[in-house]
Amino acid sequence: MAAPQAKESAAPLARPLPEGGVWITAARKAAQARLAEMGLPQRRDEYWKFTKPDSLTAPEAPHAVLFQGEVPEVFGTVDRLRIVFVDGVFDAQASDDLALEAVRIERLADVAVQDIHWARDLYGTLEARGQDPVPRPLAALNTAQACDGVLIHVTGRASRPIHIVYVHKSETSDAILHHCIRLDEGAELTLLETGPAAARFNKVIEVDMAERATFHHLRIQGPDHERRAITHTFARLAREAVFKTFTLTANGVLTRNECVVEINGDDASAHVAGAAMGGGDFHHDDTVFVTHDALRGESRQVFKKVLGNGATGVFQGKILVKPGAQKTDGYQISQALLLDDDSQFLAKPELEIYADDVACSHGSTSGAIDEDALYYLRARGIPRPIATDLMVVSFLAEAVAEIADEGLRDEIIGHFEVWLERRHG
């Protein structure tokens with residue numbers, strides 16, 4: 001009985017597939033078949049019980065008023081290559097020239113009409129692998145329907161970061177973007193992402209890493225109060241590859257960030273971290289699945305959320321250690337600082353281990369600001385609002401420490417300060 005209901009639920013989003021060449025048409029059809037089999041997510045689904053998916057699956061994007069405040073330029077002091085999308089549409093005039101040493105950058109829209117391209121072996125491949133054992137239907141929807149995105153092939157060490165800027169200008173925009181990134185042996189890339197993107201945003205990034213490749217990823221989501229976003233990052237790591245991703249989220253009615261990592265090579269490392277800050281109808285969901293399938297793999301999941309005025313934070317994180325993945329070191333921590341009694345933090349940490357020589361741990365806590373520590377600061381003449389801010393920044397510090405670049409860490413701390421000033425205003 002469940003299967004027919006699932007297929008019916010997919011009907012509102014069963015749009016015709018975009019036109020394209022042989023390879024991408026095959027990938028889109030396969031994704032559409034996966035979606036038809038799974039159906040759209042429902043609250044009864046195990047990994048959606050904490051987050052209501054209705055606004056992400058509605059036929060049309062909910063109305064989202066644009067943010068009216070002044071938004072400071074992000075990464076303005078960083079020498080980077082900018083790629084701009086406005087409501088999901090590439091803006092060539094606002095973007096830089098796509099030429100970069102040791103990197104080939106192309107638009108998905110340009111290569112989708114070709115019958116042969118290197119992306120044919122990657123587009124939708126990691127997304128399809130990430131459907132087992134947990135279905136991710138909105139990622140399959142993305143693979144089937146995305147018309148644009150960037151394809152990045154890194155052959156050496158990129159001379160500067162690539163910065164994808166997402167601009168939101170239409171209050172009813174509904175954007176779907178799909179990015180593919182391939183790093184050859186020993187290659188290295190830093191990818192920056194900023195901006196609210198659209199009223200509703202569905203994004204997939206697939207990252208395929210060869211031996212000894214390094215990928216640093218830093219994104220800032222916000223600041224629109226009414227935006228909704230579902231993002232998916234799929235990564236596959238070969239021997240000695242290093243994958244690090246950090247996300248800062250401020251504001252937004254609904255944000256769900258999914259990250260699925262496969263550690264398939266010996267001595268590879270994956271760090272997935274994030275900080276979220278919001279109040280009122282802010283609902284933020286981090287869902288992470290890390291699979292260890294090689295020797296001496298390391299993974300870290302570090303998530304911190306600051307919630308006020310009835311906001312909700314969700315963390316669902318799993319470490320799966322397969323048979324033979326000995327000497328695995330897996331660490332997971334999720335914590336929430338609740339600024340009032342109306343806010344809530346819902347957590348589901350998981351370990352599933354089939355090897356006997358591992359060091360894996362997880363923990364999850366939530367609570368209010370330590371009144372003793374607050375008293376200590378106020379006793380030294382610090383006003384309560386400033387003392388509270390200092391404790392918030394200190395609380396978030398462990399997640400920020402996962403960012404390798406000191407300059408980029410400073411950018412994130414600066415955004416903490418901007419958010420705290422707005423909260424007091």
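Bear in mind these aren't lab numbers, they're just calculated from the coordinates by the rules spelled out. Here the structure is a predicted model, which is why all the values come from computation and not from measurement. Cβ sites come from the backbone with ideal geometry, for glycine too, and all protein chains shown count toward neighbours.
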Query raised in the report: Which whole-Hz couplings ³J(HN,Hα) result when phi for each residue of the stretch 124-137 is put into the Karplus expression 6.51 cos²θ - 1.76 cosθ + 1.60, θ = phi - 60°, listed in order with x for Gly and Pro?
Result: x, 6, 5, 4, 5, 5, x, 7, 10, x, 10, x, 10, x
Report summary line: For the stretch 309-384, listing trypsin sites (Lys or Arg not before Pro) in a DSSP loop whose Cβ sees at most 16 other Cβ atoms within 10 Å gives K327, R380
Query raised in the report: With the contact rule set at Cα under 8 Å and sequence spacing of 6 or more, what percent relative contact order holds for the chain?
Result: 11 percent
**Report entry** Segment W118-R15, length gained on full extension (0.36 nm per residue, minus Cα span)
**Finding:** 34.4 nm
Query raised in the report: Can you give the angle from 0 to 90° between the axis of helix 384-400 and the longest principal axis of the chain, with both taken from C-alpha atoms, to the nearest 10?
Result: 40 degrees
Report summary line: If amide H atoms are modeled at 1.01 Å from N in the peptide plane, then the residues at a separation of 5 or more from A276, or on another chain, having amide H under 5 Å from its own are T249, K304, K305, V306
Requested in this report: Could you list, in their original order, any pairs among K304/K348; K49/K318; K305/K327; K169/K305 whose Cα atoms are separated by more than 23 Å?
Outcome: K305/K327; K169/K305
Report task. If a/c stays under 1.5 just call it rounded; otherwise compare a/b with b/c (prolate if a/b is bigger, oblate if not). Do that for the stretch 42-180, with a ≥ b ≥ c from the square roots of the Cα gyration tensor eigenvalues. Result -> oblate
Report summary line: Heads up, the stretch 173-264 by the C-alpha gyration tensor (a ≥ b ≥ c square roots of eigenvalues; a/c under 1.5 rounded, else a/b over b/c prolate, else oblate) looks prolate
Report summary line: Placing +1 on each Lys and Arg Cβ and -1 on each Asp and Glu Cβ in the chain, then taking the dipole about the Cα centre, the residue among H153, L122, L192 whose Cα reaches farthest towards the positive end is L122
Report task. Calculate how many DSSP beta bridges within the chain are antiparallel, expressed in % of all such bridges and rounded to the nearest 5. Result -> 5 percent
Query raised in the report: Among I24, T214, I181, whose Cα lies farthest out toward the positive end of the dipole of the chain, if unit charges sit on the beta carbon of Lys, Arg (+1) and Asp, Glu (-1)?
Result: I24
Query raised in the report: Once you put a point 7 Å from the Cα of A379 and another 7 Å from the Cα of A36, both along the Cβ direction, what distance in nm separates them?
Result: 6.9 nm
Report task. Scan around S364 for amide H atoms under 5 Å from its own, H built in the peptide plane at 1.01 Å from N, and keep only partners 5 or more places away or cross-chain. Result -> S334
Requested in this report: Grab the Cα-Cα distance for V418 and D357, subtract it from 0.36 nm times how many residues apart they are, and report the gain in nm with one decimal.
Outcome: 17.4 nm
Query raised in the report: Just how large is the dipole of the stretch 7-369 about the Cα centre, in debye to the nearest 20, putting +1 at every Lys and Arg Cβ and -1 at every Asp and Glu Cβ?
Result: 360 debye
Query raised in the report: Could you give the nm distance between label points at R44 and V393, where each point is 7 Å from its Cα heading toward the beta carbon?
Result: 4.9 nm
Query raised in the report: Once phi is turned into θ = phi - 60°, what whole-Hz ³J(HN,Hα) does the Karplus curve with 6.51, -1.76 and 1.60 give for every residue of the stretch 175-187, x standing for Gly and Pro?
Result: 9, 10, 10, 9, 10, 10, 10, 10, 10, 6, 4, x, 6
Query raised in the report: For the stretch 82-183, which trypsin sites (Lys or Arg not before Pro) are both in a DSSP coil and crowded by at most 14 other Cβ atoms within 10 Å?
Result: K169
Query - 14 Å cut-off, amide nitrogen to a point 7 angstrom out along Y331 Cα→Cβ, residues in the stretch 278-303 - result: 298-303
Report summary line: Charge tally for neighbours of E60 with beta carbon under 10 Å away, counting Lys, Arg as +1 and Asp, Glu as -1, is 0
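Applying 1/(1 + (r/R0)^6) with R0 = 25 Å to the Cβ-Cβ distance of E188 and A99, what FRET efficiency is obtained, to the nearest 0.05?
0.90
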Query raised in the report: When the Cα centres of the stretch 287-365 and the stretch 12-54 are compared, how far apart do they sit, in Å?
Result: 27 Å
Report summary line: Contact order relative to length for the stretch 270-425, counting C-alpha pairs under 8 Å separated by 6 or more residues, stands in percent at 21 percent
Query raised in the report: For the Cα atoms of the chain, what angle does the longest principal axis make with the long axis of helix 406-424, in degrees from 0 to 90, nearest 10?
Result: 60 degrees
Report summary line: For the stretch 206-211, Karplus-derived ³J(HN,Hα) couplings (6.51, -1.76, 1.60; θ = phi - 60°; whole Hz; x for glycine and proline) come out as 10, 10, 10, 10, 7, 4
Query raised in the report: So what's the angle, to the nearest 10 degrees on a 0 to 90 scale, between helix 22-38 and the longest Cα principal axis of the chain?
Result: 60 degrees
